[in-house]
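Visitor: Handing you this structure, nothing more for now.
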Amino acid sequence: MSEYQTVVGVEVHVELCTRTKLFCGCSTAFGGEPNTQTCPVCAGLPGALPVLNRRVVEFALRTGLALGCAVAPVTAFDRKHYFYPDLPKGYQTSQLFLPICRNGTLEIPAEGGGRKPVRIRQIHIEEDAGKLVHREQTGDTLVDLNRSGVPLLEIVSAPDLCSAGEAVAFITALREILLFLGVSDCRMQEGSLRADINVSVQAPGGEAGACTELKNISSLRAVRRAVAFEAERQRRLLKAGEAVQPQTRRWQDAAGCSTPLRAKGAAHDYRFLPDPDLPPLRISSAWVARTAAALPELPHAKRLRYQSLYNLPEQDALLLSASPAIAALFEEAGALSAGAAELRELANLINGELLRLLAAAGRPPEQLALCPAQLARLAALVSGGTVNRTVAKEVLEQMFYHAVEPEAYIRQHGLALLADPALLAGAVRTVLQEHPGAVTDYAAGKEKAFGFLVGQAMRALGGKADPQRLRRLLREQLEQAAGR
Ligand code: ZN
Ligand code: MN
């Protein structure tokens, strides 16, 4: 079956985190009581006129420039007509003829290593629709217009992706960039980032078959499964000599399959026309230049910098640069760290324990309230041998949940490692006397016996010895014993 190539294009809709909506002053906050964030403009009442939110244009420019797009000197809005109860105007204000950005690139990690450029066809601004709430008990449907008029960017890729994994990598890379640009919170579970996926398969040596579109997929796991399912479904059809119908399909996540929604429409079905209420918008080259100059460092550049400047492994650099809050914490604490060993412990603490704590608490990184200076000091306590990594995890957990101060907590709970050389040497000597069998085994070359003796010595010291130091002491005494 592998001779059929999968061809995937992605359209991402992302809700922008402006305070107010695209064409009115209503709040965009998520989760309000139904229909409390509406006005005549976003409720589509006759005679209401839209006023463009300047910040939305700013966010679109930022995104386009970060993705290497060309910015249109003049952009304009169009009406896309369709009827649906969550769309009170009977049309969505969008951009078809003069989208704000075109022809960019997003690099994703290639499956065989290295980076793969994926073309961005265009980025346009449009408004979100309201939400329908279907009530099972009564069988009726309610309309909530809080989301109506919330600004969206639609980012459209060329069909350059070749697998479910690449579709996931594309959305992941795009999401990271949008987070660093500060234009969206990109919460897929709250619907602020949704993907429509176009899938077709290409017969060996032939051209790509008809394409189907999977609408509104709202998790990466669903993206992966939906693309894999759809490509396989199309392959089966083609192998059986049947045609793929160009359709819009719905991904049924629970059932793990896609089902037809409607035949795929063409653009002319929507009767697009320039919106007479919104004059074309001129974007000055000075505005573009100012926005470009103010772009933050993007995740991939950060990654490379962490690897070269801090000499971190690629995997560590990837984790540290996956969210702005984590990257900021690492950079602020890193600036207070004294050397390579401390930085390594810092990276370990963040990538290991801290990410685990965040996941366990179900908290997004931006809600993290951890003092960078305290974290840097904890890393220094580990690299300096005052506490071991197991204790550091416990301290970090207390810092995370109870905002304790690391040194005070270590002192109060007697968690510092034993530093007295005579005490350590004495404990090791006692263990060797108590386990002559293990000493003989070690002399006979059984490395297992060494691990046993380390464990016994650690236990005798209440787990409070620096393991490195203990191993060194034990080796020294064993060599001496063997030499005698
Ligand atoms: Zn409004
Ligand atoms: Mn759209």
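The values are calculated or read from the model by the stated rules, or taken from the named source; none is laboratory data. Computed from a predicted model, the values in this text were never measured in an experiment. All Cβ positions, glycine included, derive from the backbone under ideal geometry; neighbour counts span all protein chains shown. Heads up: the accessible areas ignore ligands, DNA and RNA and are worked out on the full protein's heavy atoms, side chains in. Shrake-Rupley method; radii C 1.70, N 1.55, O 1.52, S 1.80 Å.
Visitor: Just want the answer: with Cβ charges of +1 for Lys and Arg and -1 for Asp and Glu, which residue in 186, 234, 209 is farthest toward the dipole's positive end in region 172-250?
Guide: Positive-most Cα among the choices belongs to 234.
Visitor: Further question on the same structure: Any chance you could run the full-extension gain for residue 134 through residue 444? It's 0.36 nm times the residue separation minus the Cα-Cα distance, nm to one decimal.
Guide: Numbers: separation 310, 0.36 × 310 = 111.60 nm, distance 7.50 nm.
So the chain would gain 104.1 nm between residue 134 and residue 444.
Visitor: For the chain, what does -39500 (n - 2.57) per DSSP helix run (n ≥ 4), summed and divided by total residues, give at 222 nm, in deg cm²/dmol to the nearest 500?
Guide: Numbers: 16 runs with 192 residues, N = 484.
After summing the helix terms and dividing by the residues of the chain, the value is -12500 deg cm²/dmol.
Visitor: Turning to a different aspect of this structure: Under a plain spin-label model, where a point goes 7 Å from the Cα along Cα-to-Cβ, how far apart in nm are residue 83 and residue 360?
Guide: Simple spin-label model gives 5.6 nm for this pair.
Visitor: With a ≥ b ≥ c taken as the square roots of the eigenvalues of the C-alpha gyration tensor of region 233-356, please select rounded if a/c is under 1.5 and otherwise prolate if a/b is larger than b/c or oblate if it is not?
Guide: Details: a/c = 3.48, a/b = 1.55, b/c = 2.25.
It is oblate, given that a/c is not under 1.5 and a/b is not larger than b/c.
Visitor: Each label point is 7 Å from the Cα along the Cα-to-Cβ direction; what then is the distance between the points at residue 70 and residue 232, in nm?
Guide: 4.2 nm
Visitor: With a point put 7 Å past each Cα toward its Cβ, work out how far residue 29 is from residue 336 in nm, to one decimal.
Guide: Placing both labels 7 Å along Cα→Cβ, they lie 3.3 nm apart.
Visitor: Cα atoms only, region 347-471: Rg and Dmax in Å?
Guide: Rg and Dmax of region 347-471, Cα atoms, are 18.0, 56 Å.
Visitor: Hey, if you put +1 on the Cβ of every Lys and Arg and -1 on every Asp and Glu Cβ in the chain, which of 383, 148, 281 ends up farthest toward the positive end of that dipole?
Guide: 383
Visitor: Rounded if a/c is under 1.5, else prolate if a/b is larger than b/c, else oblate: which is region 3-64, with a ≥ b ≥ c the root eigenvalues of its Cα gyration tensor?
Guide: Values: a/c = 2.37, a/b = 1.96, b/c = 1.21.
Prolate, since a/c reaches 1.5 and a/b exceeds b/c.
Visitor: How long is the chain along each principal axis, judged by its Cα atoms, biggest number first, in Å?
Guide: 96, 55, 54
Visitor: Now, a different point. Just the number, please: carbon plus sulfur as a percent of the accessible area of region 1-95, 1.4 Å probe, no ligands or DNA/RNA counted.
Guide: On the way: 2360 of 4240 Å².
So the carbon and sulfur contribution to the accessible surface is 56 percent.
Visitor: With every atom except the alpha carbons ignored, what do you get for Rg and Dmax of region 117-272, in angstroms?
Guide: Gyration radius and largest Cα-Cα distance of region 117-272: 17.1, 54 Å.
Visitor: Turning to a different aspect of this structure: Suppose every K and R has +1 on its Cβ and every D and E has -1 on its Cβ; what is the size of the dipole of the chain about the Cα centre, in Debye to the nearest 20?
Guide: Working: 54 positive and 51 negative charges, 79 e Å.
With only Lys, Arg, Asp and Glu charged at Cβ, the dipole is about 380 debye.
Visitor: Sticking with this one: Would region 183-235 count as rounded, prolate or oblate if I go by the C-alpha gyration tensor, calling it rounded below 1.5 in a/c and otherwise prolate when a/b exceeds b/c, oblate otherwise? Present the calculation step by step, with values, prior to reporting the outcome.
Guide: Values: a/c = 3.55, a/b = 2.54, b/c = 1.40.
Note, shape of region 183-235 comes out prolate.
Visitor: Can you list the residues of region 80-105 with backbone N under 19 Å from a point 7 Å past the Cα of residue 45, pointing along Cα to Cβ?
Guide: Counting only backbone N, you get 86-91.
Visitor: Any chance you could list P(r) for region 85-181, counting all Cα-Cα pairs in 5 angstrom bins from zero, rounded to whole %?
Guide: Reading the bins upward from 0: 3, 11, 16, 16, 14, 13, 12, 8, 5, 2, 0.
Visitor: Alpha carbon centre of region 444-472 versus region 25-41: separation in Å?
Guide: Here the answer is 64 Å between Cα centres.
Visitor: Oh, and also: Please give the Cα centre distance for region 332-374 versus region 56-83, rounded to the nearest Å.
Guide: 37 Å
Visitor: Zone of residue 208 (label point 7 Å along Cα→Cβ, backbone N under 15 Å): which residues in region 102-131?
Guide: Within reach of a label on residue 208: 118-122.
Visitor: Another question, if that's okay. Can you pull out the GluC sites (Glu not before Pro) in region 183-266 that DSSP calls coil and that have at most 16 other Cβ atoms within 10 Å? List each step's numbers first, then the result.
Guide: Values: sites: 190, 207, 213, 230, 232, 242; in loops: 207, 242.
Those that pass, being in a loop and sparsely packed, are 207, 242.
Visitor: Keeping every protein chain in place, order 261, 417 by accessible area at 1.4 Å, biggest value first, i.e. largest first. Intermediate values should be presented prior to the final figure.
Guide: Working: 261 70, 417 20 Å².
The ordering from most to least exposed comes out as 261, 417.
Visitor: Compute the FRET efficiency between residue 307 and residue 158 as 1/(1 + (r/R0)^6), taking r as their Cβ-Cβ distance and R0 = 41 Å, and round to the nearest 0.05. Let's see the in-between values first.
Guide: Values: r = 30 Å, r/R0 = 0.72.
That pair, residue 307 with residue 158, gives E of 0.90.
Visitor: With charges only on Cβ, +1 for K and R and -1 for D and E, what is the dipole size of region 294-407 about its Cα centre, in debye, rounded to 20?
Guide: Working: 9 positive and 13 negative charges, 44 e Å.
My answer is approximately 220 debye.
Visitor: Next up: Residues of region 429-484: accessible area per residue at 1.4 Å, in Å²? Walk me through the numbers on the way to the answer.
Guide: Working: 3610 Å² over 56 residues.
Here the per-residue accessible area is 64 Å².
Visitor: Right, something else. I'd like the distance between the alpha-carbon centres of region 390-440 and region 120-177, rounded to an integer number of Å.
Guide: 52 Å
Visitor: Provide 473, 319 ordered by accessible surface of protein heavy atoms (probe 1.4 Å), highest first. Could the numbers behind the result be given before it?
Guide: Numbers: 473 35, 319 65 Å².
Largest accessible area first, the list is 319, 473.
Visitor: Protein chains only, probe 1.4 Å: how do 420, 78 rank by accessible area, largest first? Don't jump to the answer; show the numbers that get you there.
Guide: Numbers: 420 75, 78 5 Å².
Sorted descending by solvent-accessible area, the residues read 420, 78.
Visitor: Work out, step by step, the length gained on full extension between residue 273 and residue 190: first 0.36 nm times the residue separation, then minus their alpha carbon distance; give nm to one decimal. Please report the intermediate quantities before stating the final value.
Guide: Values: separation 83, 0.36 × 83 = 29.88 nm, distance 3.14 nm.
So the chain would gain 26.7 nm between residue 273 and residue 190.
Visitor: With a probe of 1.4 Å, find how much accessible area region 257-308 has per residue, and write the answer as a whole number in Å². Numbers along the way, then the final one.
Guide: On the way: 3280 Å² over 52 residues.
Counting only protein heavy atoms, the per-residue value for region 257-308 is 63 Å².
Visitor: Now for a different question. Need one number: convex hull volume per residue for region 231-273, Cα atoms only, in Å³. Walk me through the intermediate numbers first.
Guide: Numbers: hull volume 3.9 nm³, N = 43.
For region 231-273, the hull spanned by Cα atoms encloses 91 Å³ per residue.
Visitor: Now a separate question. Antiparallel DSSP bridges in the chain: what percent, to the nearest 5?
Guide: For the chain, the DSSP antiparallel bridge percentage is about 95.
Visitor: Assuming a viscosity of 0.692 mPa s and a temperature of 37 °C, what translational diffusion coefficient in µm² per second does Stokes-Einstein assign to region 441-484, Rh being the Kirkwood radius over Cα pairs? Write down the numbers at each step before the final one.
Guide: Values: Rh = 10.8 Å.
The Stokes-Einstein estimate is 305 µm²/s.
Visitor: Output the relative contact order of the chain, whole-number percent, from Cα pairs under 8 angstrom with separation of 6+ residues. If you can, show how the numbers build up before the last one.
Guide: On the way: 835 pairs, mean separation 64.7, N = 484.
Once divided by the residue count of the chain, the mean separation gives 13 percent.
Visitor: Oh, and also: Size of the dipole of region 87-206 about the Cα centre, Lys and Arg at +1 and Asp and Glu at -1 on the beta carbon, nothing else charged, in debye to 20?
Guide: Numbers: 12 positive and 15 negative charges, 52 e Å.
Once rounded to the nearest 20, the dipole reads 240 debye.
Visitor: For residue 440, what accessible area in Å² do you get when you roll a 1.4 Å probe over the heavy atoms of the protein chains, rounding to the nearest 10?
Guide: Roll a 1.4 Å probe over it and residue 440 shows about 90 Å².
Visitor: If contacts are Cα pairs under 8 angstrom and at least 6 residues apart, what is the relative contact order of region 365-484 in percent? The partial results should precede the final answer.
Guide: Numbers: 83 pairs, mean separation 28.5, N = 120.
This gives 24 percent for region 365-484.
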